[in-house]
Amino acid sequence: MNDIDRPKRILISGGGTGGHIFPALAIANALRRRDPDTEILFAGAEGRMEMERVPAAGYEIVGLPVAGFDRRRLWRNFAVLIKLMRSMRRARNILRTFNPDIAIGVGGYASGPMLKAAQKAGVPTLLQEQNSYAGVTNKLLARKAAAICVAYDGLERFFPAEKIIKTGNPVRADIVNSSIDSKQAKKALGLNPDKPLVLVVGGSLGARTINESIARYINDITNSDAQILWQTGKLYADECAQIAHGHTDVQAMPFISDMATAYRAADIVVARAGAGTISELQLLGLPSILVPSPNVAEDHQRKNAQALVDADAAVMVLDADARNQLGNAITSLLNDENKRNTLARNIRSMAMEQSDEKIVDRIYQLLK
């Protein structure tokens, strides 16, 4: 077989959170749809969630012993530097063994050493930046990247303008492909099809501030004739289940596996402001109250949320204010149909369709 005719070998690196992993898997799935013979290898960070999620999705992954820098306790970073050097050495070995035609970085710990090694080896690289404020890793890799796919305007302040292509963020296919309507979705979840639903999602581990705020205002919300589907996260599952016990209009669970149905059932979504979540809300046109996590690099979740607030496409309650303000924000939105319709219309207008296919188009352009 000629080298031109052989299946393409594509390396995808990044992870650490679902916000990095889901786009990476969406890109991989789109590549496989385009050419089922494509050879795809993931590189992730040892001990992080991608090491379980990627194999579960049917892809091979190799781990790097990389860790994030501790910006508050700088003396701890000596061990981080040792891990970084080991990761660079392993990244070079992966490149020699797999010999990729292109390397794709989706952000997160592992994409730094892996993409840096690829660039040094002359392998073309494509970056996918999910947020409105670029991450440190992608900023460091941008100068030598062949292309940078983004979801927001204004990223020229971080990246070379000529390399940027606005594609949006890839999302899980089942979320956008579901055809179930709101009443059917509520019935499927064991909820009342005739009552509005507040869907609360704080991530797979949970969000303490959101959970404490819901606990404080659970009566106010249910007294507004609404019901709550509450993803508590596994860290807070037991205490939130006790709080929900006895409330017939509240379902609390550690993790919602069928987010497609949960989103279809929701009338209002309360969530963190990760880029992946926002892209899902945009594609589905869901009125939302965003509580940005304060524990992320460069406060990028607040900037993500602010981009929607500026377009009258979402309500934002800061994490520091949530325990006093989130309950009122929810009940006010439940009682204001015009506001919900405005938010839904405006957030849907920001959606970018088929982001995964647009990114694959750019990958193929680079391969040629």
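The values are calculated or read from the model by the stated rules, or taken from the named source; none is laboratory data. The structure presented is a predicted model; accordingly, all values stated were derived computationally and were not measured. With ideal geometry, Cβ positions are generated from the backbone for all residues, glycine too; neighbour counts draw on all protein chains shown. These area figures cover heavy atoms from the full protein model, side chains too; ligands, DNA and RNA do not enter into them. Shrake-Rupley method; radii C 1.70, N 1.55, O 1.52, S 1.80 Å.
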- Message: Tell me the angle of helix 355-367 to the major Cα principal axis of the chain, expressed in degrees between 0 and 90 and rounded to the nearest ten.
- Response: 10
- For the chain, what's the relative contact order in percent, using C-alpha pairs closer than 8 Å and at least 6 residues apart? 15
- Percent carbon-and-sulfur accessible area, the chain, ignoring ligands, DNA and RNA, probe 1.4 Å: 48
- Pulled fully out, how much extra length does the chain show between ASN177 and ARG32, if you take 0.36 nm times their separation in residues and subtract their Cα-Cα distance? 50.4 nm
- What does the highest-first list of 298-305, 254-261 look like by mean Cβ count within 10 Å? 298-305, 254-261
- Once both label points are put 7 Å beyond Cα along the C-beta direction, the ALA56-ARG96 separation in nm becomes 3.5
- Check: the chain dipole with +1 on Lys, Arg Cβ and -1 on Asp, Glu Cβ, in debye: 1520
- Message: Run the helix sum for the chain: -39,500 (n - 2.57) per DSSP H stretch of 4+ residues, divided by residue count, reported at 222 nm to the nearest 500 deg cm²/dmol.
- Response: -13500 deg cm²/dmol
- Message: For a quick check, take a GNM of the chain with Cα springs below 10 Å and name the residue from ASN211, ASN99, ASN29 with the largest mean-square fluctuation.
- Response: ASN99
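Could you give the length gained on full extension between SER349 and LYS303, defined as 0.36 nm per residue of separation minus the Cα-Cα distance, in nm?
14.7 nm is the gain from fully extending SER349 to LYS303.
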- Note on the structure: Expected unfolding gain across ASN219-ARG157 under the 0.36 nm per residue rule, minus the alpha-carbon gap, is 17.8 nm
- Message: As an exercise, use a Förster radius of 56 Å and the Cβ-Cβ distance of ASP258 and LEU366 to find the FRET efficiency, rounded to the nearest 0.05.
- Response: 0.95
- Which order do ARG157, ARG172, ARG34, ARG272 take when ranked by solvent-accessible area (1.4 Å probe, heavy atoms of all protein chains), largest first? ARG157, ARG34, ARG172, ARG272
- Query: So how far apart, in nm, are the two label points at LYS144 and ASP238 if each is 7 Å from Cα heading toward Cβ?
  - Reply: 4.9
- Report the net charge of residues surrounding GLU239, where surrounding means a beta-carbon distance below 11 angstrom and charges are Lys +1, Arg +1, Asp -1, Glu -1. -1
- Task: Taking the chain as the reference, fit the longest principal axis to its C-alpha atoms, fit the long axis of helix 337-349 to the helix C-alpha atoms, and give the angle between the two in degrees, 0 to 90, nearest 10.
- Result: 10
- Taking the dipole about the Cα centre of the chain, with the C-beta of Lys and Arg at +1 and of Asp and Glu at -1, give me whichever of ALA351, PRO196, ALA161 is farthest to the positive side. ALA161
- Task: Would you mind counting up the charge near ARG90? Only other residues with Cβ under 12 Å from its Cβ, with Lys and Arg at +1 and Asp and Glu at -1.
- Result: +4
- Message: Taking the Cα centroid of region 111-154 and of region 20-69, what is the distance between the two, rounded to the nearest whole Å?
- Response: 17
- Note on the structure: Helix 111-120 sits off the longest principal axis of the Cα atoms of the chain, rounded to the nearest 10 on a 0 to 90 degree scale, by 20
- Message: Could you tell me how far the Cα centroid of region 194-254 sits from the Cα centroid of region 280-338, in Å?
- Response: 17
